[in-house]
Amino acid sequence: MTPTSGPAHPHDQSWVARYRLPRPTISEVLRSRSFLACRRTAEAVVQDPTGLRALARQVKGTIGQPGPLDAVIPQVLACEQFLLHRADELSRAAWVWAMEGDAELDHLGHLPSPDALPDEAGESEAVRSRRRLLVATLLYLVTVDDVVPDAGAGGYVDDALLIAWVAGVAARELSPFLDR
């Protein structure tokens, strides 16, 4: 039997690529168009209690999706709790700011936009960056069309990879919510 007409070599792996699930790297996800868009959106959402609560509801809706997210459910739940806690912090800060007379309610009796709140005292840029990264990651989780489209085979593998990585980077922010 000649090599071209006989059976494939027993160690031939040329068929594997056709059946392999996508395996994105963290670098591919962080540089992706989808994640970069989520980072831009996170700039505003991280200061918006209403946006944070809406995102928390969407994040909670991803729990129970079969597949790769099963491995990071504790981190996803901690992230959801982080969002709700952050929203509550912002709401309390806005009321305190308004009650101290530093802000005035608008003609409808609403507080000023969270963007108008003063910077939180003593907060480092690193803390603010990790918060934005967490919010961007959760926005990415609820984005259907990302590096590995969620509806396809292995759909949430990129999301699970990103959540696991960010949970390590933002361990200080998530640790109060991991044991609840």
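Quick grid of which residues meet (1) more than 17 Å from K60 (Cα to Cα); (2) assigned to a loop (DSSP other than H, G, I, E, B); (3) out of contact with any Lys or Arg (no Cβ under 7 Å at 6 or more places or on another chain); (4) not aromatic (F, W, Y):
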{"residue": "S129", "(1), (2), (3), (4)": "yes, no, yes, yes"}
{"residue": "A136", "(1), (2), (3), (4)": "no, no, no, yes"}
{"residue": "Y140", "(1), (2), (3), (4)": "no, no, yes, no"}
{"residue": "D146", "(1), (2), (3), (4)": "yes, yes, yes, yes"}
{"residue": "A151", "(1), (2), (3), (4)": "yes, yes, yes, yes"}
{"residue": "A160", "(1), (2), (3), (4)": "no, no, yes, yes"}
{"residue": "G168", "(1), (2), (3), (4)": "yes, no, yes, yes"}
{"residue": "F177", "(1), (2), (3), (4)": "no, no, yes, no"}
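Determine whether E43 is more than 26 Å from F177 (Cβ to Cβ), at pLDDT 80 or above and charged (D, E, K, R). Give the derivation first.
Numbers: more than 26 Å from F177 (Cβ to Cβ): no; at pLDDT 80 or above: yes; charged (D, E, K, R): yes.
No, not satisfied.
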Practice problem: Scan segment 138-169 for residues that are crowded, with 17+ Cβ neighbours inside 10 Å and among the small types (G, A, S) and report the count. | Solution: 4
Quiz item: Within segment 11-40, how many residues turn out to be modelled with pLDDT under 90, surrounded by 12 or more Cβ atoms within 10 Å (Cβ to Cβ) and either of a type in the set (A, V, I, L, M) or under 13 Å from the mean Cα position of the chain (by Cα) (or both)?
Solution: 1
Exercise. Only residues in segment 61-84 that are surrounded by fewer than 19 Cβ atoms within 10 Å (Cβ to Cβ) count as the first member; pair them with residues that are among the hydroxyl-bearing types (S, T, Y), Cβ under 8 angstrom, at least 6 apart or cross-chain, and list the lot.
Key: T62/Y156; Q65/Y156; G67/Y156
Exercise. Kindly provide the set of residues from segment 145-173 that are closer than 25 Å to S124 by Cα, at pLDDT below 95 and in contact with a Phe, Trp or Tyr (Cβ under 8 Å, 6 or more places away or on another chain), ordered by number.
Key: E173
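The values are calculated or read from the model by the stated rules, or taken from the named source; none is laboratory data. Here the structure is a predicted model, which is why all the values come from computation and not from measurement. Counting neighbours? That spans all protein chains shown, and the Cβs are built from the backbone with ideal geometry, glycine included.
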